[in-house]
1. Figure the gain on full extension for residue 17 and residue 51 (residue separation times 0.36 nm, minus the Cα-Cα span) and round it to one decimal in nm.
2. Would you list 6, 35 from fewest to most Cβ contacts within 10 Å?
3. For n ≥ 4 DSSP H runs only, could you compute -39500 (n - 2.57) per run for the chain, divide by its residues and tell me the 222 nm figure to the nearest 500?
4. Taking 8 Å as the Cα distance limit and 6 or more residues as the minimum spacing, I'd like the relative contact order of region 20-61 as a percentage.
5. On full extension of the chain, what length is gained from residue 35 through residue 65, given 0.36 nm per residue of separation minus the C-alpha to C-alpha distance?
6. Quick one: 1, 74, fewest Cβ neighbours within 10 Å first, how do they rank?
7. Considering Cα pairs under 8 angstrom that are at least six residues apart, work out the relative contact order of the chain and quote it in whole percent.
């Protein structure tokens, strides 16, 4: 079983979203549904980056690391933009 740390981008919001999941395509579909919460404000989320891990704890740790940067510039450097 694999886990992924991922970064999504919404052109409508001009924002990035960092998360982790075990089922990447299903998670992306969920983000694009109208719902309460940050990602529910847009329906155009696309996957722009992913990292694969063997353990959930590793994916969660990487997600936290990226979120702690609190820097769009660092995220864009990571995704090669």
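1. On the way: separation 34, 0.36 × 34 = 12.24 nm, distance 1.42 nm.
Difference between extended and current length: 10.8 nm.
2. On the way: 6 23, 35 11.
In increasing order of surrounding Cβ atoms, one gets 35, 6.
3. On the way: 3 runs with 29 residues, N = 81.
Rounded to the nearest 500, the figure is -10500 deg cm²/dmol.
4. Values: 27 pairs, mean separation 12.0, N = 42.
Averaging sequence separation for qualifying contacts and normalising by length gives 28 percent for region 20-61.
5. On the way: separation 30, 0.36 × 30 = 10.80 nm, distance 2.64 nm.
That pair, residue 35 and residue 65, stretches by 8.2 nm at full extension.
6. Details: 1 6, 74 12.
Ranked by crowding around the Cβ, least crowded first: 1, 74.
7. Numbers: 122 pairs, mean separation 29.0, N = 81.
In percent, rounded to a whole number, it is 36.
Only the coordinates and a few stated rules stand behind these numbers; no lab work does. On a predicted model such as this, the values are computed, not experimentally measured, just so you know. All Cβ positions, even for glycine, are placed from backbone atoms using ideal geometry, and neighbour counts span all protein chains on display.
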